[in-house]
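Report on the following structure.
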Number of protein chains: 2
Amino acid sequence: MTDPADPNAPPDQSESPGRTNRITPRTPAENAQLALLLEVAGTPKPGNVDREHEYSDLRFEHFLAGTIGAREGLAMAAAGEPVGEAFERAARGMATQRGGNTHFGALLLLTPLVQAAAAEDLTPGGTAAVVASTTVADASDFYRTFEHVDVAVAEPPDGWGDLDVRRGEAAIPALHERDLTLQDVMESSAERDGVAREWVARFERSFRLADRLATLKGPIGDRTSRAYLEALAAEPDTFVAINHNAETAREVTDRAAAVLSGEVDPGGVEQFADELIEREINPGTTADITAGGLFVALERGLEI
Amino acid sequence: MTDPADPNAPPDQSESPGRTNRITPRTPAENAQLALLLEVAGTPKPGNVDREHEYSDLRFEHFLAGTIGAREGLAMAAAGEPVGEAFERAARGMATQRGGNTHFGALLLLTPLVQAAAAEDLTPGGTAAVVASTTVADASDFYRTFEHVDVAVAEPPDGWGDLDVRRGEAAIPALHERDLTLQDVMESSAERDGVAREWVARFERSFRLADRLATLKGPIGDRTSRAYLEALAAEPDTFVAINHNAETAREVTDRAAAVLSGEVDPGGVEQFADELIEREINPGTTADITAGGLFVALERGLEI
């Protein structure tokens, strides 16, 4: 307890902790890359590629190359370049490997987070300010990204047929006509896509995951695995819902909760991981949010 | 067979293949980082940290953070900054994690290789030119690095007591007095240190390993493991000789050769890996050369 009137008390950080707690030896772009590497290294992360699990056509090394390829775009975000342009560059660089889409969702989270960190306001409010500052040009660059990367996406909402992201550049005139910013685009997808939901909900799951990483004990790979499982148990993964269906997403969430509650034996998490890989069920959104949380934790001084 | 007089024949590249075969989507600094990541991911690499093996105080994540930390120094090398200064910066950044020395030797190989690649002459001759261009200032920066990183090194050769690298900055006046460049320093250590030997032998083992990576088939992690084992079987590891003794280094080389020849059963390589970790025998120089070879292969267009 400190006396609120004590002139020697540390300044009240509750208003904007992001402004004062940047205590990392790395730049924001470097922490973003390290977050991507720690995410893929954390094992087990049932259904996702990690140190001990991979798919025959989507392997660990594709994630390493994807992380290196994303560097320039992440550095653009840190330098205050427009979010859409930085994201497009990061995703295009990420795709310079043979595995295909390794980090689309993670980069879509990291680009605004890096920009908020570089502005020394890595807080829910700071990310909301970045999101609110996006323009129609940012939305256009986001659509342009789909020319370079093959990504599984949800069906567009009613009335958005002309703005289906799978149309890529062809949809850009409609963005201009309807004067839609990247924030507007994310709002339209928030119901079906957990990454878009982070954009419009002040990145609350990423910040919560960062808090968990700071609280948990042990090597970072174990903490990453645990925080991922908790996030998976808390909310059905929208990438699973898109690629399979809502029932499968719910089943995976229930299984994650059962593993955490100890209803299954200690080896249960390994069996769960093997089974999801076998069924090609990949909770990619939860992995993306894990990368977002790792980035926030690293910016706040998590030591490796 | 092409007619040597055929005007449509491709130009003769035998003189300087490095000048014409830079066909990678990544910058030299990015390829250097990716080489470090692919090196640590390749498994098994008996005695070294990899995807499936680590020491309790030197873990996989330390190598990820070390790679990210090395970025700025590697970019300096690519920009043509002095080799000594670039290396010192890379090694200091590498050390911003809790595992200690993860990449000292690998960065000492990569710094001149990156500089040669950026000059579009990644050939034995191109690396020799970089080495020959080093100055007393480069040697001083090399000695300064020992202020930041705790590295196991060989005893200095006779007459070099005042130039023991463990003296760090204190040895710099002696470098000036004796007018010694970084090339001179490497020549003095070449007999006992396999990384220094690469410097004075035109990086021949790194180039040979790159050739093997291009010839071998299968996922890059398996090729890396195989190329590492072949390099280990070809020459006793000087890092093992320094930390243990020459007999142990010879024993490890003989064991690697036996594993390759099939004298031991197919599971023998895993048993070999487990045993070296158990005995804390770490063929670090062979891992460094593996990273050098991966870099050359990536620059030449090895696809991931």
Review point. Restricted to segment A:25-37, and to residues that are touching a residue at least 60 places away in the same chain (Cβ under 8 Å) and assigned to a helix (DSSP H, G or I), which residue is nearest to the other protein chains (Cβ to nearest Cβ)?
Key: A:LEU34
**Study point:** Scope segment A:98-117; condition closer than 17 Å to A:ASN282 by Cβ and among the polar types (S, T, N, Q); matching residues
**Key:** A:ASN101, A:THR102
Revision key, fill the gap. Among helices (runs of 4 or more DSSP H) entirely inside segment B:38-133, those with 3 or more residues being within 12 Å of chain A (Cβ to nearest Cβ) and open to solvent by less than 10 Å² (accessible area, probe 1.4 Å) are B:60-69
Point to revise | Breaking point among (1) closer than 21 Å to A:ALA190 by Cβ; (2) part of a loop (DSSP other than H, G, I, E, B); (3) charged (D, E, K, R), for A:ASP138 | key: (2)
Practice item. Could you list all residues from segment A:50-91 that are acidic (Asp, Glu) and more than 27 Å from B:ALA41 (Cα to Cα)? Key: A:GLU81, A:GLU85, A:GLU88
Check your understanding: Inside segment A:214-303, counting only helices (runs of 4 or more DSSP H) that do not spill past its ends, which hold 3 or more residues that are surrounded by fewer than 23 Cβ atoms within 10 Å (Cβ to Cβ)?
Key -> A:220-234, A:238-243, A:246-261, A:268-278
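The values are calculated or read from the model by the stated rules, or taken from the named source; none is laboratory data. If you're wondering where the values come from, they're calculated on a predicted model, not measured in any experiment. FYI the Cβ positions are ideal-geometry reconstructions off the backbone, even for glycines, and counts take in every protein chain you see. Please note that ligands, DNA and RNA were not included when accessible areas were found on the heavy atoms of the full protein model with its side chains. Shrake-Rupley method; radii C 1.70, N 1.55, O 1.52, S 1.80 Å.
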